[in-house]
Every structure is written in C-alpha cells, then in structure tokens.
Amino acid sequence: LFLGYFITMNSVGEACTDLKREYDQCFNRWFAEHFLKGDRSGDPCTETFRKYQRCVQKAIKEKDIPIDGVEFMGPNKDKPDS
Amino acid sequence: MGKYFYCTGLLKSTWDQVCIAFWQRYPNPYSNHVLTEDIIFREVTPSNCLISRRLLTKTSRSPRWMERYLPKHMSSSAYIIEDSIVDPQKQTMTTLTWNITHARLMSVEERCHYQINPENGSWTEIKREAWISSGVYGLSRAIQEFGLARFKNSVTKTMKGFEYVLARMQGETPSRTLAETATERARETALAAKEKAKDLASHAQKKQYV
C-alpha cells in the first residue's frame, strides 16, 4: 500500500502526465537541494518545464478551464488581514 | 454574510521538510477526492521567492439536495487554484486556495501561513483561515453550514496527508495509515459497487418501458 510512493498524480491533460512526472522530479530535487539552501545558481528544469507547460496549457484551453485573467493571489485583495 | 473559519495546526517536522512535502503531498491515502494536479505557473522573483500556481481537479462531493442547484451542464468535479509564495530567507510560506468553478453555488477561499513554530525551531506552525459563502437565493445559510462542516473535515484530511507524506520522506513506515488506507479503499469499493448496482437497476427499469 505504498502506492502513493510510486504513483504520480494525473495531469488535467491526459497526454501530459509523463511530462509532468519528469518536471516534478527535476523540481523536487532542485527545490530541496538548491533553492531552500539559498543557492541562487540557475534552474536546471527550464527545458522540462517548457515542454510540460506547452502540453498542459493546451489541455486547459481545450477543456475551457477558466484560469484566464485570474490575478496571482487575486482573491486575497478583499480579505482582511488576520 | 458568509462563514469565517480559523485554526492553527502543528507539524512536528522542520519548515524545510514541510515545504518539500507540500510539493509532494498528492497522492496520499487521504486525498482520493483529488483527481488531477498541475503546476501552471512558476517563477523565482528578484527577491528569491518562489511563486507558483497549482491547478487541482477535485470531486465535488455535494449532497444531493445541493446538486439540484448545479446547472445541468456543469460537471461533478470542481477546479481549484492554489497560489503560493515560498520565502526561503524569512522561512515562511503563504498559500491562497479557491475554487474557480461552482463558485456561485459555494465559494471557499483558504489562506494559510506556514512558519517555524516559535516554541520549537524543529516544528512548523500552520495558521489557516477560510471564507465560505454561497450565492444561492434562499439556501445560502444551509449551503454555508454544509461548506463549513466539509471544510473542517478536509482540514483533518490535509493534516493527516501531510503527516503521511512527511513520515514517508523520513523513511518511516506509517503502519497505522496502512490499516486506515485498507479500510477506506474497502469502503470506497463497496460504495462504488452500490452505485453501480443502482445504475444497473434503474437502467433495467428504463428498458422495461421501451
């Protein structure tokens, strides 16, 4: 039942799951071994990210998922500070 | 108008470990309702913060009395966006999560702040706030109550999911979780079989009238 360890989540684009897995593996390694340690040297994942994004952004358009024009942290603007 | 919810949570892992787990939290035994996960935007800012946008698909799990207010063409899964900022200098992470579909039926926005526990530098504290509202005339209070109850339940699952992933990362065997996973899987299989039987029964009934 360690399935979670070997299984990656599906992408919203069925054809993109392999590209997602490849990118996630690259990112997770960079995040833990470089980014969090304050290492500002380049990001080794730009190429795999680009391939993955090309696929997933296409799927998002095809499925009409309403992500356009949603500002980063958008809804936070209306919220009172805790 | 709307419901406000606030709670704090504690994870007995370092802030670094929690951030690493944050990106690896799906799938876990408590996240069967999460169907897809995608990073759809990511950048390192000039101040060396990591900003990301994650798109999730979740099953909508509304009770039948609520589903009647969903337009027929709307699917039973909802799309959710999670924006996050990781600041490795300050050792804080802020996330904002909200649904971009089904929003008039019920809108849930959740803001979380992850920081080092002030009492124990090896632990991580999570401050969680949520705003739950509904635009359905005459039913908004009932929907908000349902939404709040479901949100509290999902917070429990989130924390259990985190603990599971953190234990796995640290090489522990979460044996209690194996038993829970087995029970949950069995329950879901039984439920799926029941739904299938109902479908077949109603299908058989329809055929009689053809």
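Okay, here's what the table says:
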quantity	calculated
Residue list for region B:122-154, filter: without any contact (Cβ under 8 Å) to a residue 60 or more places away in the chain and either closer than 23 Å to B:Tyr30 by Cβ or in a strand (DSSP E or B) (or both)	B:Ala149, B:Asn153, B:Ser154
Options A:Asp43, A:Asp81, A:Asp18: the member that is in a loop (DSSP other than H, G, I, E, B), more than 8 Å from chain B (Cβ to nearest Cβ) and either at pLDDT below 90 or more than 26 Å from B:Ala167 (Cβ to Cβ) (or both)	A:Asp81
Search result, residues across region B:105-129 that are under 20 Å from B:Met1 (Cα atoms) and within 13 Å of chain A (Cβ to nearest Cβ)	B:Ser107, B:Val108, B:Glu109, B:Glu110, B:Arg111, B:Arg128, B:Glu129
Residue list for region B:69-98, restricted to those being modelled with pLDDT under 95 and either under 15 Å from the mean Cα position of the chain (by Cα) or of a type outside the set (Lys, Arg) (or both)	B:Tyr69, B:Leu70, B:Pro71, B:His73, B:Met74, B:Ser75, B:Ser76, B:Ser77, B:Ala78
B:Thr59 being over 13 Å from the mean Cα position of the chain (by Cα) and either at pLDDT 95 or above or open to solvent by less than 60 Å² (accessible area, probe 1.4 Å) (or both)	no
Given (1) in a loop (DSSP other than H, G, I, E, B); (2) within 11 Å of chain A (Cβ to nearest Cβ); (3) open to solvent by 30 Å² or more (accessible area, probe 1.4 Å), index of the condition B:Asn28 fails	(3)
Residue pairs meeting the criteria (Cβ under 6 Å; at least 6 apart or on separate chains; first at pLDDT below 95, in region B:13-42; second in a strand (DSSP E or B))	B:His33/B:Lys58; B:His33/B:Thr59
Checking B:His113 against (1) in contact (Cβ under 8 Å) with a residue 24 or more places away in the chain; (2) touching a strand residue (DSSP E or B) at 6+ places or on another chain (Cβ under 8 Å), the condition it does not meet	(1)
Residue match in region B:46-54 (condition: over 30 Å from B:Gly135 (Cβ atoms), surrounded by fewer than 17 Cβ atoms within 10 Å (Cβ to Cβ), touching a Leu at 6+ places or on another chain (Cβ under 9 Å) and within 11 Å of another protein chain (Cβ to nearest Cβ))	no
The lone exception for B:Gly9 - which of (1) in a loop (DSSP other than H, G, I, E, B); (2) buried (at least 16 other Cβ atoms within 10 Å of the Cβ); (3) of a type outside the set (A, V, I, L, M) it fails	(1)
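The values are calculated or read from the model by the stated rules, or taken from the named source; none is laboratory data. The model shown is predicted, which means the values in this text are computed figures rather than measured ones. Glycine also receives a Cβ, built like all others from the backbone with ideal geometry; neighbour counts cover every protein chain displayed. The area values use the complete protein model at the heavy-atom level, side chains included, leaving out ligands, DNA and RNA. Shrake-Rupley method; radii C 1.70, N 1.55, O 1.52, S 1.80 Å.
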